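So the structure is just underneath, and the comments pick up after that.
Every number here is computed from the coordinates shown, using simple stated rules; none is lab data. Treat the numbers as computed from the prediction; the structure is a model and nothing was measured. Because the Cβ atoms are built from the backbone with ideal geometry, glycine has one as well, and the counts that use them run over all protein chains shown.
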Amino acid sequence: MVGSTPFLLSYSSSSLSFIQLQDDEDDEQITSINSVVEECIGELNWTQLFQVVLVSFAWFFDGQQTFITIFTDAQPSWHCTTNQDGCESSTTKSATMCNLPNDTWSWDEPIKTSIISEWDLECVGSFITGLPASMFFVGSLIGGLVLATLADSWLGRKKMLFFSCLLMSLSSFLASFSANIWIYSILKFLCGFGRVNIGTAAIVLASELVSRKWRGQVGIFGFFLFSLGFLTLPAMAYMNRGFSWRNLYLFTSIPAIIYSILIRPLVCESPRWLIVRGKKEEAIDALKSITSLSNVSYFDEAISAIMPQKEENFNNFGLYSSLKILLQKKWSSRRLVVIIAMGLGIGLVYFGMPLGLELLSFNIYLSVTFNALSEIPSAFLAFMLIDKFNRRSVILILTTLSGISSVVSTIEVVGVQIVFELVSFICACTAYDVLVIYGTELFPTCVRNSALSLVRQAGVLGGTLCPMLVAIGRGNKFLCYGVFGLAIGCSGLFSVCLPETKGKAFCDTIHEEESKQEVVESFIK
């Protein structure tokens, strides 16, 4: 929190106006970090836009790695090579081949096109074949819990983004050289462990590099790039037909490695985080590098006046102090539990729908392409809704519509299935986008990355359950899509328990958030 040193409210060289909060205990005037940073950043300029684009591009590679197993781990089609009784060629009756001699059937494409055919996994059971995808989400779950607070404590947003991207891309690159499913699963675990904090670090950093006016739009931009990364997969997989599944990992990991290297010299650290951490000179340099203002002579004095001196100075905090703060405070723990419950239900559908496309009677390349394309209108929809309507109502309506559509998609009619599946997925994508933006607004800067990481971890936990639900759904679609619908429909109801944040300024410290709540409560009384 800010120190007790009086803050100079006017400068001869500037026309800054700063918001002040009254502390009832010591009657000192407290200047908001947010107000100073907002004034120093100025209007959106080309430098800020370049930073936002560069930071958000991490979502592109995240989107590729999240859904790449749809093609690399797919069950290939096969055909009979003899007229032996009982040989029925079918992509949906793969168990039939397990009862046939090996010389009576053959894969439609070369065995190297999938891990299933290359490693002879067609008859080992759904647990083994789904292990790599599940390990990816397990790695994401554990990685989020282990690394969640690093971006708030001593690592920062920029370094977290760098290390996460590098670990994800390197493990993905090594996966292309896997000798068996066990090594492959371990590398998928490492890939998930690294990628889980990419989206969180990217959206938090991008949001903190621009003014409040552009906060929601900047967050949505990352979702566009995630959708674009997802959309490249069916095109790459289609062109790679007949070739090794390993090529997909090479094509996606090498550009990601190059991008990771470029982050270090080109991306700017969040000035808000630098201020909260007491890094005055670095914060001033960061603000000067992205500001749209021509006169920066007062930055030194302005930042000096708001440097944290009290208990919320993270230089004196341990690695998991931000998580401790979140759980100790009644208001923050309540918000965290509620939004995690929402993230679990929404994440189950968001990650589960693409993985369950094999259950629909529809071409896999087209269905994945339609799902990838649907993320683009969902991002546009979130972009429009985030600025016009309050967060709680939007999430409640979208989750309800997604739940109903998911249940209806279990009807055994080809056209009906794919249409309602797409409607459900679009609504889930939009709800997920709004939820992430909402999460950045519910918590102050000092714990924002940790809180948002936990929210996204809830979605990942839902993704971890998806491969099992998809495997069960092969016998009864309702046990997959029906569960999806019930989960996301119920999760949206939790939104009524959270405060609205539309149009509200960022808070940067716990004390500032609590002071704002006291003002609101006193006004209501």
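Quick rundown of the values:
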| item | result |
| --- | --- |
| Gained length - Met236 relative to Lys288, 0.36 nm times residue gap less alpha-carbon distance | 14.6 nm |
| Radius ratio Rg over Rh of the range 152-195, counting only Cα atoms, Kirkwood formula for Rh | 1.12 |
| Table column - 3J(HN,Hα) (Hz), the range 426-443, Karplus curve with 6.51, -1.76, 1.60, x for Gly and Pro | 4, 5, 5, 4, 5, 4, 5, 4, 5, 4, 5, 4, 4, x, 5, 8, 7, 10 |
| In sequence order, calculated HN-Hα J values of the range 275-283 (Karplus, 6.51, -1.76, 1.60; Hz; x Gly/Pro) | 5, 4, 7, x, 8, 4, 4, 5, 5 |
| Residue-span extension gain [Leu250 to Leu373] - 0.36 nm each, minus C-alpha spacing | 41.9 nm |
| Order of Arg264, Arg212 under a 10 Å beta carbon neighbour criterion, fewest first | Arg264, Arg212 |
| Around Arg334: net Lys/Arg minus Asp/Glu count, Cβ-Cβ under 14 Å | +1 |
| Summed side-chain charge close to Ser171 - residues other than Ser171 whose Cβ falls under 15 Å, Lys, Arg +1, Asp, Glu -1 | +2 |
| Pairs of Cα atoms farther than 19 Å apart, the range 106-259, % | 61 percent |
| Cα-projected label distance for Ile142 with Lys280, points at 7 Å along beta-carbon direction, nm | 4.4 nm |
| Spacing of the two label points (7 Å from each Cα toward its C-beta) at Val296 and Ser393, in nm | 4.2 nm |
| Residue-by-residue Karplus 3J(HN,Hα) for the range 156-163, coefficients 6.51, -1.76, 1.60, Hz, glycine and proline x | x, 5, 5, 5, 4, 4, 4, 5 |
| For Trp105, distant residues with modelled amide H under 5 Å away | Thr81 |
| Fewest-first ranking of Asp152, Asp120, using other Cβ atoms within 10 Å as the exposure measure | Asp120, Asp152 |
| Fully extended contour minus Cα-Cα distance, from Leu493 to Ala179, at 0.36 nm per residue | 108.4 nm |
| Separation in nanometres of the label points that stand 7 Å from Cα toward Cβ, at Gln217 and Ile111 | 5.6 nm |
| Entries in Lys159/Lys279; Lys158/Lys280; Lys158/Lys502; Lys158/Lys288 that, when Cα-Cα distance is taken, lie over 19 Å | Lys158/Lys502 |
| Cβ-defined net charge surrounding Ser406, 14 Å radius [Lys, Arg +1; Asp, Glu -1] | 0 |
| Sorted by Cβ density within 10 Å, fewest first, the residues Lys502, Lys330 | Lys330, Lys502 |
| Rounded FRET efficiency, nearest 0.05, which uses the C-beta distance separating Met384 from Arg334 and R0 of 25 Å | 0.25 |
